[in-house]
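Data first, discussion second: the structure below is written as structure tokens.
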């Protein structure tokens with residue numbers, strides 16, 4: 001009961017932090033930006049003279065005072081200060097300005113406000129600009145079919161290690177500052193930041209406030225107990241003090257306490273041990289009967305539904321064949337040795353650690369008994385009150401399933417690592433080939449399917465062959481590899497406007513990719529591809545990205561499948577005549593308001609998952625269901641190669657380097673977990689500079705390829 005009351009108090013503070021936090025971040029950004037801008041104005045007005053507070057004096061340690069180089073450094077700082085004020089590229093801007101402040105503190109006279117500026121800027125760099133920023137607006141405009149949350153959530157969600165560790169250090173440092181200042185009001189020689197004695201302003205009551213600050217520090221902030229309300233109260237006290245004394249240092253400490261109230265206590269806190277700083281799970285007693293929701297599939301849609309439902313008074317069972325959530329849009333980067341599997345996947349259990357009403361099961365669903373309200377999971381049956389099927393899709397060979405062993409698809413981590421091994425092994429076999437025809441057959445790569453995955457795979461493979469393997473072989477020249485993209489349509493990227501497709505074709509051809517449209521395939525074997533016109537392309541490596549079909553959910557549910565094996569659903573995403581079962585994502589044939597079906601994209605799955613959760617939540621609480629589901633298209637992105645991509649948001653279209661940088665930022669932002677974001681960003685940055693691929697490992701069955709079939713003396717298609 002007491003713990004519940006403490007949790008309610010902490011959650012009330014957390015709710016207030018969600019409301020006031022964006023305003024706090026905006027105020028801090030503007031405040032810090034004007035400090036750098038005013039200091040720059042003085043520099044420009046009197047070149048070579050010391051800047052106020054010595055912000056830019058550190059430049060003079062390495063650059064001649066008043067020199068063009070020194071003034072250029074100041075101009076660069078001004079640019080980043082302006083970006084910080086607008087909340088554009090906030091993390092980078094704040095980090096660089098924090099470095100300037102820290103350098104001023106370490107290499108100049110060591111003024112205390114410089115270290116406070118550095119600390120505030122570091123917090124902004126880690127936690128982002130917040131929703132009142134150009135980063136957030138730009139993120140909402142450019143969010144696409146790849147991710148686990150909106151750009152707003154990605155910008156505000158802090159790192160488990162870096163962010164929490166920073167908060168922990170900040171909390172203990174603030175405890176020291178408050179105790180030193182409160183217990184020794186003069187502050188001289190005791191604390192690096194001297195808070196004005198409150199008795200000078202408030203008389204007797206100032207001493208009482210001193211004791212209150214000491215009490216808050218010792219009883220609450222030090223152990224991390226009720227940290228948010230305690231830090232918020234201390235921030236208000238110091239804000240009033242700063243306004244009455246005019247001391248900036250006091251205002252900085254108030255801002256830091258406000259940041260602690262906004263973001264939580266970090267590690268080593270009783271709030272975490274007692275789970276006071278988490279939104280409460282459903283309070284479920286051992287014998288209490290609550291609705292049981294079963295979710296099949298831990299993809300984008302399934303996770304979106306669970307995240308929406310887990311704070312309701314219910315039990316949730318999440319079932320998946322694998323123990324990890326996979327960021328499928330970057331699978332091709334694993335297949336082309338740009339990323340490792342662990343950088344685009346995250347264990348499902350880790351996502352719901354501490355969420356007591358969510359159970360994760362790894363297993364294979366074999367059926368659903370809708371009359372008994374049970375899911376068949378191997379030999380066991382799991383009863384449900386509501387069921388959400390979000391089991392995704394698999395590669396479709398249009399009735400030619402025998403082609404799969406010659407042309408593997410790309411839907412799972414295992415597919416990507418197998419494909420990577422096949423690609424890399426092909427170059428190894430080419431190096432060892434005994435004649436020109438056999439060597440070229442190993443250097444021919446055929447990609448079937450001109451959708452986003454096929455285009456991205458072709459561009460990445462071309463860069464790997466032309467640059468990533470340069471200088472590593474002695475018999476072959478990897479740059480002579482032929483990458484051939486086949487599609488039976490009239491153009492690639494048919495989901496994009498024709499102008500975007502044309503631009504993509506130009507970019508692919510610039511990379512040396514051969515494109516063939518209207519290419520109907522009649523056969524695939526271990527030596528190549530045969531086309532309908534009788535021509536043949538000799539290639540040891542054929543990759544399939546031509547189509548997908550839904551999981552066998554229609555069979556589980558004993559329903560006639562729709563287009564692509566999808567399960568037909570109503571406008572509320574439930575089955576016709578069965579409002580307990582919802583089907584979402586690539587598994588469902590979700591109707592569009594204007595006719596047709598919702599595309600099989602990640603944003604569509606996420607939107608559907610949130611909608612299904614809203615309907616279930618309304619039913620559990622006896623409230624009116626939301627209006628029918630409406631899919632909101634958020635734009636499309638596709639990358640072709642280094643500094644080459646296309647972006648279509650309807651009202652604006654980008655191509656080339658701007659679209660490529662945007663594509664990279666969006667994908668990094670939507671990855672799960674800060675560790676994965678940092679790892680992928682570093683990998684891409686390294687590859688951008690060097691062209692090197694760091695995960696070129698040949699493992700498993702994909703590396704066991706042998707030249708088992710004879711190659712004809714010549715390739716009729718060459």
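No value in this document is a laboratory result; all are computed from the given coordinates. Source: prediction; values computed, not measured. In this analysis, Cβ positions are derived from the backbone assuming ideal geometry, glycine residues included, and neighbour counts consider all displayed protein chains.
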Ordering 14-25, 321-332 by per-residue average of other C-beta atoms within 10 angstrom, highest first, gives 321-332, 14-25
Highest to lowest packing among 559-570, 259-270, scored as the average C-beta count within 10 Å = 259-270, 559-570
Could you work out the per residue convex hull volume over the alpha carbons of segment 441-554, in cubic angstrom?
-> 129
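Remind me, what semi-axes does segment 329-450 give for its equivalent ellipsoid, largest first in whole Å, using sqrt of 5 times each Cα gyration tensor eigenvalue? List each step's numbers first, then the result.
Details: eigenvalues 325, 75, 24 Å².
Over the Cα atoms of segment 329-450, the ellipsoid semi-axes are 40, 19, 11 Å.
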Peptide ranges 337-344, 362-369 listed from the most packed, as the mean C-beta count within 10 angstrom indicates | 337-344, 362-369
Rounded to 0.05, the calculated FRET efficiency for the beta carbons of residue 172 and residue 359 at R₀ = 35 Å is 0.45
For the residue pair residue 436 and residue 248, what label-to-label distance in nm results when each label sits 7 Å from Cα along the Cα-to-beta-carbon direction?
-> 7.5
Expressed in nm to one decimal, what extension gain is obtained for the pair residue 593 and residue 371 from 0.36 nm per residue of sequence separation less their Cα-Cα distance?
-> 76.8 nm
Projected label distance in nm at residue 699 and residue 571, using a 7 Å step from Cα toward the beta-carbon = 4.9
How high is the FRET efficiency between residue 402 and residue 37 when r is their beta carbon distance and R₀ equals 60 Å, given to the nearest 0.05?
-> 0.35
Using the beta-carbon distance between residue 474 and residue 535 and R0 = 35 Å, what value does 1/(1 + (r/R0)^6) give for FRET efficiency, to the nearest 0.05?
-> 0.60
